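A short worksheet on the structure shown next.
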Amino acid sequence: MAIHVLEYLEDACKRYPGKNALIDLEGALTYREVEQRAKAIGSTIRKQFRQVRRPVMVFSDRDSKSLVSFLGTAYSGNFYVPVDVHMPKARIETFFDTLSPEILICKEKDLPLAQETGKNCRIIVYEEAIKEQIQEKELQEIRNQMIDTDPLYLIFTSGSTGTPKGVIKSQRSILAFMEQFLKISGIEAEDVLGGQAPFDFDVSAKDIYATLAAGATLVILPKTYFSFPKKLMDCLSEHHVTTLIWAVSALSIVANMKAFDYKVPKTIKRVLFSGEVLPISHLNYWRQFLPNTSFVNLYAPTEVTGNCTYYTVDREFQEGETLPLGKPFPNVEVMVLNEEGKKVEPGQTGEIFVRGAFLSMGYYDNEERTKGAFVQNPLQNFYPEMVYKTGDLAIRSEEGEYRFLTREDFQIKHNGHRIELGEIETASYKIEGIESCACVYVKEKKKIVLFAKGENLDNKKVFLGLKTQIPKYMFPTKIVILEEMPMSKNLKIDRQKLLQMAEEL
């Protein structure tokens, strides 16, 4: 087994040196070009910074240069931190405050932003760094010191308090996950992946390292294409894309825009999706036009590298049903435990705990939060064994499969009743015309607010639809019809924004 992800790149480079590894709007880079540029960046970092296992900020965008900078950071013996250049400056500054990095990599066009926000950093400009002479001896000395428990990258994720948390992923967690992911997904060297996820979003790691590990090709899809379905369908068709590892909301955009009515990319063999619960109407739209394509529902929070469960869709689903989470990946255990820390019986609800090599290293410079989420395995106290406490509630079936119910913090106590907001959302999706919806709870005002978007919707139609689905005590206090649902940059429904809107009603 490999001990460093750079072995993926170097092995692919030996096998396919002239093959296109990365494709973006500016063109293509071969495996040889990726390796040489990454080594040049690693050499540049090493000349300016002699330490290892330290954070290196990378101002990223949806391009090959960002990915090459990640790999260059890995060659230097440090771990990369993707920072989206389109993010508000105030949030970027919170990242610098958290990490205090000494090195920042940016493209020439982003140099003014780098100088403004990274005031205490040594700035490396990508276009200059790739021209540097490669220091093979230096890079090899660094590799000789590295082990698979070293950090590879850090992803910031929003906390419940609104303060971002830096989740650290090790080499080992990526390597362990990829060993199983390639077997389950079936991705091979001949495949072309259509990358949808931003590079500062953890889903992108599957695009990056599945591509490198298989020796495949990654087409980096521009964000703007998801607003123009014709461009998106043309791009997928032109590049003969075979594999989509997308957020659920990206699949929903295609379904809502009826993009396949324009063109169906004929080469798509597999669609793997995660992030939220996929509405069955959207799944059925995809399956209608891609009847021979494999669809796989993936689950894991950011704190678990890659995913921990998968379900390959193997039957027809009716609107209002919920897709199973499926079964655990090999080499990881998923436990559904009750409040006493014991396994629930089939049919009972509990919180999801995860153990195994896929777990991240915890939160950067935040011991209190790390100890609150990464806890001793409640099922045994004989030796130290950390498991991740997800905060997600699920039910275990008789067959050993799991079905996601809701976030623990989405479960509320309202007028004496325990209510799962996710159950209201599931019922809402059964109403004809609803394209997307989300339910929030304003605790201070004891108010449940349902936001919905769709064609020919009004409050009365939603009210009458819910009346046949859920009991009166679960009814929303207010129903709000939106023209557009607020979305986060990761194409998830922005529930924080909805909560703010609900508080003002």
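The values are calculated or read from the model by the stated rules, or taken from the named source; none is laboratory data. Keep in mind that this is a model prediction, so the values were computed, not measured. Please note: Cβ atoms are built from the backbone with ideal geometry, for glycine as well, and neighbour counts cover all protein chains shown. Just the protein is used for accessible areas: all its heavy atoms, side chains included, with ligands, DNA and RNA removed. Shrake-Rupley method; radii C 1.70, N 1.55, O 1.52, S 1.80 Å.
Of note:
- Low-density loop cleavage sites - GluC sites (Glu not before Pro) in the range 455-505, where at most 11 other Cβ are within 10 Å (DSSP): E455, E483, E484
- All aspartates and glutamates inside 12 Å of K445 as judged from Cα atoms, apart from same-chain residues fewer than 8 positions distant: E503, E504
- Whole-Å semi-axes of the ellipsoid equivalent to the range 1-106 (Cα gyration tensor, √5λ, descending): 25, 18, 11
- Relative contact order, percent, the range 36-115 [alpha-carbon distance under 8 Å, six or more residues apart]: 38
- Two-site label geometry, E93 and E136: point separation in nm, points 7 Å out along Cα→Cβ: 4.7
- Size check on the range 23-163: the Cα extents along the three principal axes, sorted descending, read 44, 35, 25 Å.
- Relative packing of peptides 72-78, 91-97 - highest average C-beta neighbours within 10 Å first: 72-78, 91-97
- 0 to 90° range, to nearest 10: angle between helix 136-145 axis and the chain longest Cα axis: 50
- Karplus-based coupling profile of the range 189-203, in residue order and whole Hz: 4, 6, 7, 10, 9, x, x, 9, 6, x, 6, 9, 10, 4, 4, with θ = phi - 60° in 6.51 cos²θ - 1.76 cosθ + 1.60 and x standing for Gly or Pro.
- Full extension of the chain between T267 and Q288 gives 6.0 nm of extra length, using 0.36 nm per residue less the Cα-Cα distance.
- Unsatisfied cross-links (Cα-Cα over 19 Å) in the set K19/K131; K371/K413; K453/K497: K19/K131; K371/K413
- Surface composition of the chain: carbon plus sulfur atoms contribute 48% of the solvent-accessible area (1.4 Å probe, protein chains only, all chains present).
- Rolling a 1.4 angstrom probe over the protein heavy atoms with all chains in place gives the chain an accessible area of 44 Å² per residue.
- For volume of the Cα convex hull per residue in Å³, calculated from these coordinates, the label among (i) 143; (ii) 154; (iii) 133: (ii)
- For the cross-link pairs K389/K478; K230/K258; K263/K461, the ones whose C-alpha atoms lie over 22 Å apart are K389/K478; K263/K461.
- Cα-centred dipole magnitude for the chain, charges only on beta-carbon of K, R (+1) and D, E (-1), debye, nearest 20: 420
- Size of electric dipole in the range 231-301: Cβ of Lys, Arg +1 and of Asp, Glu -1, about Cα centre, debye, nearest 20: 160
- Nearest-ten-degree value, helix 171-185 long axis tilted from longest Cα axis of the chain: 60
- Axis angle, to the nearest 10 degrees, between helix 64-75 and the longest C-alpha principal axis of the chain: 60 degrees.
- Computed on the chain, with alpha-carbon pairs under 8 angstrom and 6+ residues apart, the relative contact order is 10 percent.
- Diffusion constant of the range 346-479 at 20 °C, which comes from Stokes-Einstein with the Kirkwood Cα-pair radius and 1.002 mPa s, µm²/s: 123
- Size descriptors for the range 174-311 (Cα atoms only): Rg and Dmax, in that order, 13.8, 40 Å.
- For a straight C-alpha distance cut-off of 16 angstrom, the aspartates and glutamates reachable from K165 (same-chain residues fewer than eight places away being disregarded) are D84, E93, D97, D200, D202, E303, D365, E367, E368.
- In order along the range 424-432, the phi-based Karplus estimate (6.51 cos²θ - 1.76 cosθ + 1.60, θ = phi - 60°) of 3J(HN,Hα) comes to 5, 5, 4, 5, 5, 5, 7, 7, 4 Hz; Gly and Pro are listed as x.
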